[in-house]
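Below is one structure, written out as structure tokens; the observations come after it.
Bear in mind these aren't lab numbers, they're just calculated from the coordinates by the rules spelled out. In this text, all values refer to a predicted model and were calculated from it rather than measured experimentally. Reconstructed Cβ throughout: ideal geometry from the backbone, glycine too, with neighbour counts over all protein chains shown.
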Amino acid sequence: MNSVFSFARLGALLIKEFIQMRRDRITFAMMLGVPLLQLVLFGFAINNDPKSLPTALVAISNDQYTRAMASALQMTGYYHFDFVAQSAAEAEELMAKGAVSFVVTIPADFARRVERGDNPQILIEADATDPSAASGAVSTLSKVASQALLRAQGMQAAAAESARGQLQVVVHQRYNPEGISQYNIVPGLLGVILQMTMVMMTAMALTRETERGTMENLLAMPSSPAEIMLGKVLPFLVVGAVQVAVVLTAAKLLFSIPFVGSLTLLLSAVLVFVLALVLLGYTISTMAGSQMQAMQLTFFFFLPSLLLSGFMFPYRGMPGWAQVLGEIFPLTHFLRVTRAVMLKGADFHAIGAEVGWLVLFVGVFAGTALLRFRRTLD
């Protein structure tokens, strides 16, 4: 063995490693793609102070003071009146479905009480299932609304203290009155934990069969591709059921997370979500040649899913293009289901659209996995 250090041998080894790196396209794509993806998402898509939040207006009268209030709130940039509800019940349904973040109620006698100087009130109901998304909008309410009322009365915008004394802004933090962050995070963790484990475990289980050479024995069995796929997928549904039981029990006992809705409805949605995840993992396994590649592809899916789903950052704080991208991840829709059922007590009518998306993901992933597995057999 030659103990003398040789730059020529070192150069040959470096060339060999670069050639090997170039051949491993997935690793090469990860080295370039992940930093670029993080830069774009954190630089452009993440915003902790969301603006133009969808708002419903409940106002019986259309007088100048009502219009002044609505205009002033929209001018703050936080509120965008997408709906004009005819009743409080209609506004309640919109908030339960997650269609609006705020409901602004201006009573029918608002103008009369303003003209009499009889302490007029407006009611702002905020969806506090995500406290960070509503905090900025709520903090601007009192001063903006009071000064808008003074302008509508033809008065100069006096000092803020004087303005606040003439108008009472009543704020109700719905579903999470104390603004406890765990109420938002823990229900979301149910989806995140399931996604991290189900996708990776399924993807690695099949690539492990290929690496160990046992896939040939599996293919030699008199079974159809659909039977093989179901045989590999169904055991992970049992694992997912155990994880769901652990997370829900811990949420209640350790964090005292309220559970207002139907457990049966939530478990039904969980079943569809887990099925979509294991089928996604199965699809990834047909693309990966090794367990390492399966882990890399899984991570490449995890990162944008966590950032764009609304788990870590307010979903409505992201720009439009980021929200569109977020819709293609099952986690985005499952988070809406868990928070709606657990915190709002939503029924199937309120979450039906999100469950429909999950069912669509199941169909797409199952078809893709089956098609790619047939090609593997060929």
Helical contribution to [θ] at 222 nm, DSSP H n ≥ 4, -39,500 (n - 2.57), averaged over the chain, rounded to 500: -21500 deg cm²/dmol
Cα-Cα over 29 Å: which of 97/232; 51/252; 97/252? 97/232; 51/252
With a Förster radius of 25 Å, plug the Cβ-Cβ distance of residue 67 and residue 170 into 1/(1 + (r/R0)^6) and report the FRET value to the nearest 0.05. 0.80
I need the calculated FRET efficiency for the pair residue 267 and residue 226, taking r as the beta carbon distance and R₀ as 45 Å, to the nearest 0.05. 0.95
The stretch 334-376 to the stretch 36-61: how many Å between their Cα centroids? 24
Towards the positive end of the charge dipole of the chain, with charges on Cβ (+1 Lys, Arg; -1 Asp, Glu), say which of 110, 84, 322 has the farthest Cα. 322
Net dipole in debye of the chain [+1 Lys, Arg Cβ; -1 Asp, Glu Cβ; about Cα centre; nearest 20]: 860
Residue ranges of DSSP H helices in the chain that stretch 15 Å or more (Cα, own long axis) and have mean Kyte-Doolittle hydropathy of at least 0.5 are 25-40, 141-152, 182-212, 225-253, 263-287, 291-308, 348-377
Amide H contacts under 5 Å for residue 82, restricted to residues at least 5 apart in sequence or on another chain and with H modeled in the peptide plane, are 55
As I understand it, the dipole of the chain uses +1 on the Cβ of Lys and Arg and -1 on the Cβ of Asp and Glu, about the Cα centre. Which of 303, 363, 133 lies farthest toward its positive end? 303
Starting from 0.36 nm per residue, how many nanometres of slack lie between residue 14 and residue 193 once their C-alpha separation is accounted for? 60.5 nm
Peptides 285-293, 188-196: what's the order by average Cβ count within 10 Å, highest mean first? 188-196, 285-293
If each of residue 327 and residue 208 carries a label point 7 Å out from its Cα toward its Cβ, how far apart are those two points in nm? 3.8
